[in-house]
Amino acid sequence: MNGNEFINRVNQLKNEIWFDGQKIEGLISEHSAFKGIIQEKAALYDLQLNPKFKNEMTFLSPETGDSIGLSFLQPKSKEDLIKRRKMIEHWAKQTYGIMGRSPDYLNTVLMSFASSAGFLEGKENCYPENLIKFFKYAREKDLSFTHTFISPQVNRSHLYLENSDEPIAAKVVDVSEDGIVIKGARLLATQGGITDEVLVFSVGRFIFNEDEAFAFSIPSNTKGLKFICRDIFAGGTSHFDHPLSSRFEEMDSIVVFDNVLVPWERVFYYDNGEVAEDFIIKSSFHAFAKHQVVTRQIVKTEFLLGIAQLLIETINIGEYQHIHDKVSEIIAGLETMKALLERAENNASLDEFGFMRPDIFPLKVAGYIFPKIYPRFTEIIQLIGASGMITLPTEKAFQSSIRPDLNQYLQGATKSAEDRVKIFRLAWDLTMSSFGTRQTQYERYFFGDPIRISSDLYKSFPKEEYVKNVSQFLNLKES
């Protein structure tokens, strides 16, 4: 699929999208809240067909022999894994790592589910054949996805069980010969309404609420499905004033299911809490999804490092040791993430289903580290820019009669006033605007609560060998 085909497909869906209290009518690709991100996504699809990158962005379909997106590749060797990573890098560099939901993320998620479909074999209310068939369909059609797996934050206590006449969290309210019927809502569908499909799956434990345990994918224009958008975080359409948010604002939405029928052929599993809990953990989901995410986050960190150094050169503060210390933090974080990704690939091994999984533990460590270091990196940008992050005239100001004043008083040591403001507006948009603070919160919670991430790392990491070593040194008796 090329960019124009993507845009045309999204326009033709006529999904039910609500923004600022109004149902969107007309072409979604022309709406101010979505135009920038749709154009940037279209550029990603065009990159797949660029002769310079095509061999690193596509592979030949095992079904048809046609060229298809490499993000759907099921790796069977370390070479395949590296091919996938290089493809992810190309798309990440096109968006500077800013687009958290570039198409390869959910293509990777669906690929990981299909590659672990054997786990569902023989289990109650599970349909691995549906999952594999749909994966192949999505791969051949180059479908685009949003996903949702978080229930509304009504009551997050451990003992809360929903007890309302009308469902709040999306759940199965009926089962018929045609499929399952879903009613309720889910959060937090990034790019909801501007993709072909909505991939829905459950995460967590489902004691006494197995009607919330399911996995399926349905077209975004399915009857009864609506997307309710948050407020927009793009400050405007000017690339000068809002260099990132005008391009990469990824709208987030609530997904409402109003008695939505999910046909049986689209159901992967339902009404099985044990499977819903175990499949996410025992499938290759975390290994492949984290591999994609860490690759993107490395590119984003490189972008941050470039911004930091450009700020330093623009106002000539490179002689100060505290500046060296701050930028060295970013360098250390970048090289740590790169080393963890490389170790994950070097230690990859074939899983029980015959696919090459990257080593999960270096990726878990990266997933533990990045939510801590990214907010610090944005703070470093703010500290380097200091008051310059505040004194930011607009593009129109430079086109007005006061331009001579701006040229005189806002020039940098190595840059004209206009270029200096461009650089500082970029730093501001990434770290201080509503768009930038959403980016920080997004990276903080990308894989969930950071405390749960640390708890999972502690509980899952194999520590026995280290304890045994110390015990032998002390000649301790086995308990």
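The values are calculated or read from the model by the stated rules, or taken from the named source; none is laboratory data. The shown structure was predicted, so the numbers you read here are calculated from the model rather than taken from an experiment. Note that we place each Cβ from the backbone using ideal geometry, even for glycine, and neighbour counts take in every protein chain shown. Heads up: the accessible areas ignore ligands, DNA and RNA and are worked out on the full protein's heavy atoms, side chains in. Shrake-Rupley method; radii C 1.70, N 1.55, O 1.52, S 1.80 Å.
Filter segment 340-351 down to residues that are surrounded by fewer than 16 Cβ atoms within 10 Å (Cβ to Cβ) and more than 21 Å from the chain's Cα centre (by Cα) and give me whichever is farthest from Ser284 (Cα to Cα).
Checked segment 340-351; the qualifying residue farthest from Ser284 (Cα to Cα) is Asn346.
Thr222 passes all but one of (1) part of a loop (DSSP other than H, G, I, E, B); (2) without any contact (Cβ under 8 Å) to a residue 60 or more places away in the chain; (3) surrounded by 22 or more Cβ atoms within 10 Å (Cβ to Cβ); (4) β-branched (Val, Ile, Thr); which number fails?
Only one criterion is unmet by Thr222, namely (3).
Regarding Ala386, is this residue at positive phi and surrounded by fewer than 18 Cβ atoms within 10 Å (Cβ to Cβ)?
In short, yes.
Identify all residues within segment 180-218 that are assigned to a strand (DSSP E or B), over 17 Å from Asp252 (Cβ atoms) and open to solvent by 40 Å² or more (accessible area, probe 1.4 Å); write none if there are none.
Listed by number, the list holds a single entry, Lys183.
Given the options Lys422, Lys415, name the one that is part of a loop (DSSP other than H, G, I, E, B), surrounded by 15 or more Cβ atoms within 10 Å (Cβ to Cβ) and not aliphatic (A, V, I, L, M).
Being part of a loop (DSSP other than H, G, I, E, B), surrounded by 15 or more Cβ atoms within 10 Å (Cβ to Cβ) and not aliphatic (A, V, I, L, M) holds for just one of Lys422, Lys415, which is Lys415.
Quick one: Phe149 ticks every box in (1) at pLDDT below 95; (2) out of contact with any Phe, Trp or Tyr (no Cβ under 7 Å at 6 or more places or on another chain) except a single one, so which number is it?
Just one mismatch for Phe149, condition (2).
Search segment 368-383 for residues that are in contact (Cβ under 8 Å) with a residue 24 or more places away in the chain and of a type in the set (Val, Ile, Thr) and pair each with any residue that is in a helix (DSSP H, G or I) and open to solvent by 20 Å² or more (accessible area, probe 1.4 Å) when their beta-carbon atoms are under 8 Å apart and the residues are at least 6 apart or on different chains.
Ile369/Thr336; Ile369/Leu340; Ile373/Glu329; Ile380/Lys326; Ile380/Glu329
Hey, could you check segment 4-39 for residues that are in a helix (DSSP H, G or I) and acidic (Asp, Glu) and say which is most open to solvent (accessible area, probe 1.4 Å)?
The extreme case among them is Glu30.
What are the residues in segment 357-372 that are basic (Lys, Arg) and buried (at least 22 other Cβ atoms within 10 Å of the Cβ), if any?
Listed by number, the residues that qualify are Arg357, Lys364.
Looking for whichever is surrounded by fewer than 22 Cβ atoms within 10 Å (Cβ to Cβ), part of a loop (DSSP other than H, G, I, E, B), charged (D, E, K, R) and modelled with pLDDT of 95 or more here; the options are Glu89, Glu177. Which one fits?
Just one listed residue meets the conditions, Glu177.
To keep it simple, each residue is scored yes or no on (1) modelled with pLDDT under 95; (2) crowded, with 21+ Cβ neighbours inside 10 Å; (3) of a type outside the set (S, T, N, Q); (4) not in a helix (DSSP H, G or I).
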position	(1), (2), (3), (4)
Ala43	no, no, yes, no
Leu47	no, no, yes, no
Pro62	yes, no, yes, yes
Ile68	no, yes, yes, yes
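With the requirement that a residue be out of contact with any helix residue (DSSP H, G or I) (no Cβ under 7 Å at 6 or more places or on another chain) and more than 13 Å from Gln292 (Cα to Cα), what does segment 75-117 give you?
Once the filter is applied, which keeps residues that are out of contact with any helix residue (DSSP H, G or I) (no Cβ under 7 Å at 6 or more places or on another chain) and more than 13 Å from Gln292 (Cα to Cα), segment 75-117 yields Lys76, Ser77, Glu79, Asp80, Ser115, Ser116.
Return only the number of the condition from (1) at positive phi; (2) surrounded by 16 or more Cβ atoms within 10 Å (Cβ to Cβ) that Gly354 does not satisfy.
All conditions are met except number (2).
Take the conditions at pLDDT 95 or above, in contact with a His (Cβ under 8 Å, 6 or more places away or on another chain), within 16 Å of Phe216 (Cα to Cα) and buried (at least 22 other Cβ atoms within 10 Å of the Cβ) and apply them to Leu120. Does it pass?
For Leu120, the condition - at pLDDT 95 or above, in contact with a His (Cβ under 8 Å, 6 or more places away or on another chain), within 16 Å of Phe216 (Cα to Cα) and buried (at least 22 other Cβ atoms within 10 Å of the Cβ) - is not met.
Among the numbered criteria (1) under 24 Å from Leu188 (Cα atoms); (2) outside any loop (DSSP other than H, G, I, E, B), which one does Lys396 miss?
(1)
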